[in-house]
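The values are calculated or read from the model by the stated rules, or taken from the named source; none is laboratory data. What you see is a predicted model, and the numbers here were worked out from it, not measured in a lab. Glycine gets a Cβ as well: all are built from the backbone with ideal geometry, and neighbour counts include every protein chain shown.
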Amino acid sequence: MNFLIIGDYGTSDIHQKKVAESMINLIKEHKVKFICGLGDNIYDFGVKSVNDNKFITHFEEPYKDIKLRFYQCLGNHDYGKILFNHIIPDDFKYQIEYTKLSKKWYLPKRYYHYSKNINGVKVNFFVLDTNIDLMNTNQMDEQLEFFKEKISKAKGDWNILYGHHTYRSVSGHGNAEPLLENFLNALFSLNKIQIYMCGHDHTKQHIIKNDKNPLHILVSGTGGKPYDYVTNLNNMKDCSLNFLSKNLGVGLLKCKKRSIDIEFFDGKSVKEYKYSIKK
């Protein structure tokens, strides 16, 4: 089961289009089945209606030659512009509604889960809305309890969690704020998640959380925005940095019964990194 991971891509500019071209090559060469979108789907402030032309210019047109489904999550730029009176916009709802209009865009709710069973390999995906600073306490708690239940009951070969914001990162935004860190730790502590995938920082990173059961953190925020600066290579706390790239590009995961190959590619489809997780 092979799939691509891409975040921070919805720019409609030459950077997004170059990465899209490289994705076509990777899809053909590696028999990719679907794509995980890691948020910031449409810059700079999302869309204003389900018929907003940005769905065409920032998604459908750049990926017109890609026939696979994108399983999306919400990034901070997808919420819309937060006003000076601190009213939280709900423009993200149009990205949810667009699921009914597009063959390749899939975002049925703010957060959701799905499973893929291909060639006898079952992978469970848990898709977060990590914008918890824009939620009230009840909304945050409801999401946490939803995923605790789904993850605890999950059966299959692998469990992958993904959202937009970083947990650990050496670039751009850096590590998660305490509220989100505690939220993610509550899910990681179930000891059933093998991989957490995110964007937000415009780099590619492979980070390993040094627990009894190692957690692999993949940052793939180079789908259309130029790279972020590196802030602190010692920003890892309880984790270790295995790989860092500032190049545009995407990640590729190859899931088998007993292993997952993690690969990162630049914007010209050149492989930059490979690592294998084994059971």
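Kindly state which strands (runs of 3 or more DSSP E) lie completely within segment 218-279 and contain at least 2 residues that are in contact with a helix residue (DSSP H, G or I) (Cβ under 8 Å, 6 or more places away or on another chain) and under 22 Å from Ile160 (Cα atoms).
Answer list for segment 218-279: 249-255.
Return yes when Asn185 is more than 30 Å from Tyr63 (Cα to Cα), part of a loop (DSSP other than H, G, I, E, B) and more than 15 Å from the chain's Cα centre (by Cα) and no when it is not. Can you show your working first?
Details: more than 30 Å from Tyr63 (Cα to Cα): yes; part of a loop (DSSP other than H, G, I, E, B): no; more than 15 Å from the chain's Cα centre (by Cα): yes.
So Asn185 fails the test.
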Quiz item: Within segment 109-138, which residues are within 21 Å of the chain's Cα centre (by Cα) and part of a helix (DSSP H, G or I)?
Solution: Ile132, Asp133, Leu134
Self-check item: Condition broken by Ile193, with the remaining ones in (1) assigned to a strand (DSSP E or B); (2) closer than 20 Å to Asp238 by Cβ; (3) out of contact with any His (no Cβ under 8 Å at 6 or more places or on another chain) satisfied
Solution: (1)
Quiz item: If Gly221 passes every condition in (1) of a type outside the set (D, E, K, R); (2) within 24 Å of Asn117 (Cα to Cα); (3) surrounded by 17 or more Cβ atoms within 10 Å (Cβ to Cβ) but one, which one does it miss?
Solution: (2)
Quiz item: If you scan segment 112-148, which residues turn out to be of a type outside the set (S, T, N, Q), more than 23 Å from Phe34 (Cβ to Cβ) and buried (at least 21 other Cβ atoms within 10 Å of the Cβ)?
Solution: Ile132
Quiz item: Restricting attention to segment 19-31, does a residue exist that is part of a loop (DSSP other than H, G, I, E, B), out of contact with any Pro (no Cβ under 9 Å at 6 or more places or on another chain), crowded, with 17+ Cβ neighbours inside 10 Å and at pLDDT 95 or above?
Solution: no
Quiz item: Which ones in segment 1-36 are of a type in the set (Ser, Thr, Tyr) and touching a strand residue (DSSP E or B) at 6+ places or on another chain (Cβ under 8 Å)?
Solution: Tyr9, Ser22
Self-check item: Filter result (touching a Cys at 6+ places or on another chain (Cβ under 9 Å) and in a loop (DSSP other than H, G, I, E, B)) within segment 156-173
Solution: Asp157, Gly163, His164, His165, Thr166, Tyr167, Arg168, Ser169
Quiz item: For segment 1-18, what are the residues that are within 23 Å of Lys116 (Cβ to Cβ) and either crowded, with 23+ Cβ neighbours inside 10 Å or charged (D, E, K, R) (or both)?
Solution: Phe3, Leu4, Ile5, Ile6, Gly7, Tyr9
Exercise. From the list Ile208, Ile160, pick out the single residue that is touching a Pro at 6+ places or on another chain (Cβ under 8 Å) and modelled with pLDDT of 95 or more.
Key: Ile208
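Table: residues versus (1) surrounded by fewer than 24 Cβ atoms within 10 Å (Cβ to Cβ); (2) touching an Asp or Glu at 6+ places or on another chain (Cβ under 9 Å); (3) in contact (Cβ under 8 Å) with a residue 60 or more places away in the chain.
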position: Ser171; (1), (2), (3): no, yes, yes
position: Pro178; (1), (2), (3): yes, no, no
position: Asn182; (1), (2), (3): yes, no, no
position: Asn185; (1), (2), (3): yes, no, no
position: Leu190; (1), (2), (3): yes, no, no
position: Gln194; (1), (2), (3): yes, no, yes
position: His200; (1), (2), (3): no, yes, yes
position: His206; (1), (2), (3): yes, no, yes
position: Asn210; (1), (2), (3): yes, yes, no
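Which residue, of Tyr43, Tyr79, is farther than 30 Å from Lys271 by Cβ, surrounded by 14 or more Cβ atoms within 10 Å (Cβ to Cβ) and in contact with a helix residue (DSSP H, G or I) (Cβ under 6 Å, 6 or more places away or on another chain)?
Within the list Tyr43, Tyr79, the selection yields Tyr79.
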